[in-house]
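Every number here is computed from the coordinates shown, using simple stated rules; none is lab data. Remember, predicted model here, so these are calculated numbers, not experimental data. Reconstructed Cβ throughout: ideal geometry from the backbone, glycine too, with neighbour counts over all protein chains shown.
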Amino acid sequence: MIYASIYHMKRTTIFVPEPLERDLQLHATREKKSVAWVVREALALYLGTRRPKPALPSFTGVGASGRSDVAERHEALLWTEPHGGPPTRATPTRRASTPSTRRR
């Protein structure tokens, strides 16, 4: 069933200098492998080591403030205005309940 493993491969032609082809033949013979197998192994190894490392996401480092106390101060940092003052959101005022507005 050698055709089952070849079925998922693509045929290609490469041009190599004669000395390299001779070394390839010798290596394949010594290893008791086909030339095609040796070429596939060599290509996989070569391309595997030259794969570019994945780039970091574009937002990496956006929050780098240079401060080391952000975790301890997260509440204060989150609940103040960007310019350092207290939050300016309107807080609802509670009306004093009078006997006429109180529910029974």
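If the condition is being of a type in the set (F, W, Y) and within 29 Å of the chain's Cα centre (by Cα), then segment 56-81 contributes only F59. Tell me, yes or no, whether segment 54-72 has at least one residue that is free of Cβ contacts under 8 Å to residues at least 60 places away in the same chain, surrounded by 10 or more Cβ atoms within 10 Å (Cβ to Cβ), out of contact with any helix residue (DSSP H, G or I) (no Cβ under 6 Å at 6 or more places or on another chain) and part of a helix (DSSP H, G or I). No, every residue in segment 54-72 fails to be free of Cβ contacts under 8 Å to residues at least 60 places away in the same chain, surrounded by 10 or more Cβ atoms within 10 Å (Cβ to Cβ), out of contact with any helix residue (DSSP H, G or I) (no Cβ under 6 Å at 6 or more places or on another chain) and part of a helix (DSSP H, G or I).
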